[in-house]
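**Student:** Once you've had a glance at the structure underneath, I'll fire off some questions.
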Amino acid sequence: MRTRIIRHFFILFICIFAARDVNAQSFERLDVSGSWSVGFTCGMSDLWGDVGTQSIMDHYNNGRYFNSMHFMGGVFGRFAVHPAFAIRAGVNYGTVYATDQWNYSQATKEKTIGNDYVQRYLRFQDAKTNIWEGSLLFEIEPLRLDPESNIARRSGQPYIVGGLGYFHFQPYSSLNGTWIKTAPLHLEGDGFPVAGAPALVNLYQWCVPLGFGYKFDIGPHLNVGLEYQWRMTFTDYIDGVSGKYIDPKYYDLYLSPTDAALAKQMANKTGQASKIPGGLPGQLRGNSADNDSYSTISIIIYWKVMPHHIPWWGH
């Protein structure tokens, strides 16, 4: 199912791309200062945190990634200040995902249990996190800084984006095939009145989106492109894993009996991967020194509403 969605998604992009030169000389390509656009984005999303693989190559090239792809999309408004400069405001929603099982093939090749692939696989954690995101982005098309140049009037244009975002996230992890919210279980003791315990996790956070893309002017109004965006965040709990294992007795002290029993199973899943003991209190469960991040590779489509005045560069 996921493979068909991806295939149809990119076939649509290729068809639009193939039509970009139709009536190529019959319209003004440049954004007129003061013009508005409305559009949407949709594409694959990725979680970069403690759960999953350590390297980018292992993340995409582990044999299991494309069976568990997740997606994010949204809508936005765009205002052109100059042919090379625009401001975008938008809202996105989607899910990011990672699992320690992506390390399986590499872990089976290692001979020592202390290897990173082995340790990650034995931890046996997974994470699926729903994200609502609002952002204000600044878009620059460097080849259109001089609107009167020939290169500025080419259909295809590279661009870069950056700005500020605010998002809400809700992390889940699975247990016997059921996805369970991890934040209410305080799996690493966050918010517990215990010396050295981490602060209560805030599920509302700021982020800094940075990215680049390549777009095509299809006609006087329609634009389509492919865009990569990475979000730097200021939290290490997007995947629900950050610091150390805690003594299970604290779950009994500060959670209801039902939640305490559930937290004990969710916090330490090492036994689900093998009979090798692990997850002792004080041992590392994640790496709190590095904050989590997430990214998207999306198709972007927007419709320009051109103003009636004549652009200054056309005088």
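**Student:** In region 211-231, which residue that is hydrophobic (A, V, I, L, M, F, W, C) and in a strand (DSSP E or B) is farthest from the chain's Cα centre (by Cα)?
**Tutor:** We begin by selecting, within region 211-231, every residue hydrophobic (A, V, I, L, M, F, W, C); these are 212, 216, 218, 222, 224, 226, 230.
The next check asks that each one be in a strand (DSSP E or B); those that pass are 212, 216, 222, 224, 226, 230.
Working: Phe212: 14, Phe216: 24, Leu222: 26, Val224: 21, Leu226: 15, Trp230: 7 Å.
Ranking the qualifying residues of region 211-231, first place goes to Leu222.
**Student:** Which condition from (1) aliphatic (A, V, I, L, M); (2) in contact (Cβ under 8 Å) with a residue 60 or more places away in the chain; (3) out of contact with any Leu (no Cβ under 7 Å at 6 or more places or on another chain) is the one that Val161 breaks?
**Tutor:** The number of the failed condition is (3).
**Student:** Could you look through region 198-252, keep only residues that are among the acidic types (Asp, Glu) and modelled with pLDDT of 95 or more, and pick out the one that is farthest from Leu137 (Cα to Cα)? Steps first, please.
**Tutor:** Let us first name the residues in region 198-252 that are among the acidic types (Asp, Glu), namely 217, 227, 236, 239, 247, 252.
Okay, now just the ones that are also modelled with pLDDT of 95 or more, so 227, 236, 239, 247, 252.
Details: Glu227: 13, Asp236: 23, Asp239: 25, Asp247: 44, Asp252: 46 Å.
Filtering first and then ranking leaves Asp252.
**Student:** Let me ask something additional. Are any residues in region 139-153 loosely packed, with under 15 Cβ neighbours inside 10 Å and touching a residue at least 12 places away in the same chain (Cβ under 8 Å), and if so, which ones?
**Tutor:** Taking region 139-153 and keeping what is loosely packed, with under 15 Cβ neighbours inside 10 Å, we get 142, 145-146, 148-151.
Selection gives Pro142, Leu145, Glu148.
**Student:** Would you be able to say whether some residue in region 109-117 is out of contact with any Lys or Arg (no Cβ under 9 Å at 6 or more places or on another chain) and either among the basic types (Lys, Arg) or buried (at least 21 other Cβ atoms within 10 Å of the Cβ) (or both)?
**Tutor:** Yes, the conditions are met somewhere in region 109-117.
**Student:** Here's another thing I want to ask about it. Check off (1) farther than 19 Å from Gly73 by Cα; (2) among the aliphatic types (A, V, I, L, M); (3) touching a helix residue (DSSP H, G or I) at 6+ places or on another chain (Cβ under 9 Å) for Ala195 and give me the number that stays unchecked.
**Tutor:** Unmet for Ala195, out of (1) farther than 19 Å from Gly73 by Cα; (2) among the aliphatic types (A, V, I, L, M); (3) touching a helix residue (DSSP H, G or I) at 6+ places or on another chain (Cβ under 9 Å): (3).
**Student:** Of all residues in region 37-68 being in a loop (DSSP other than H, G, I, E, B) and modelled with pLDDT of 95 or more, which is surrounded by the fewest Cβ atoms within 10 Å (Cβ to Cβ)?
**Tutor:** Step one: list which residues in region 37-68 are in a loop (DSSP other than H, G, I, E, B), which gives 49-55, 61-64, 68.
After this cut, where a residue has to be modelled with pLDDT of 95 or more as well, the list is 49-53.
Values: Gly49: 26, Asp50: 27, Val51: 27, Gly52: 25, Thr53: 23.
Selected residue: Thr53.
**Student:** Restricting to region 180-233, what's the tally of residues that are free of Cβ contacts under 8 Å to residues at least 40 places away in the same chain and on the phi > 0 side of the Ramachandran plot?
**Tutor:** 2
**Student:** Does region 238-248 contain at least one residue that is touching a Ser or Thr at 6+ places or on another chain (Cβ under 9 Å), free of Cβ contacts under 8 Å to residues at least 60 places away in the same chain and either within 20 Å of Gly286 (Cα to Cα) or outside any strand (DSSP E or B) (or both)? I'd like the intermediate steps shown before the answer.
**Tutor:** The first filter runs over region 238-248 and keeps only residues touching a Ser or Thr at 6+ places or on another chain (Cβ under 9 Å), leaving 238-244.
Next cut, free of Cβ contacts under 8 Å to residues at least 60 places away in the same chain only: 243-244.
Filter once more, so that each one left must be either within 20 Å of Gly286 (Cα to Cα) or outside any strand (DSSP E or B) (or both): 243-244.
Yes, there is a match, as at least one residue in region 238-248 is touching a Ser or Thr at 6+ places or on another chain (Cβ under 9 Å), free of Cβ contacts under 8 Å to residues at least 60 places away in the same chain and either within 20 Å of Gly286 (Cα to Cα) or outside any strand (DSSP E or B) (or both).
The values are calculated or read from the model by the stated rules, or taken from the named source; none is laboratory data. As the structure is a prediction and not an experimental result, all values here were calculated from the model. As a convention, Cβ positions derive from the backbone with ideal geometry for all residues, glycine included, and neighbour counts pool all protein chains shown.
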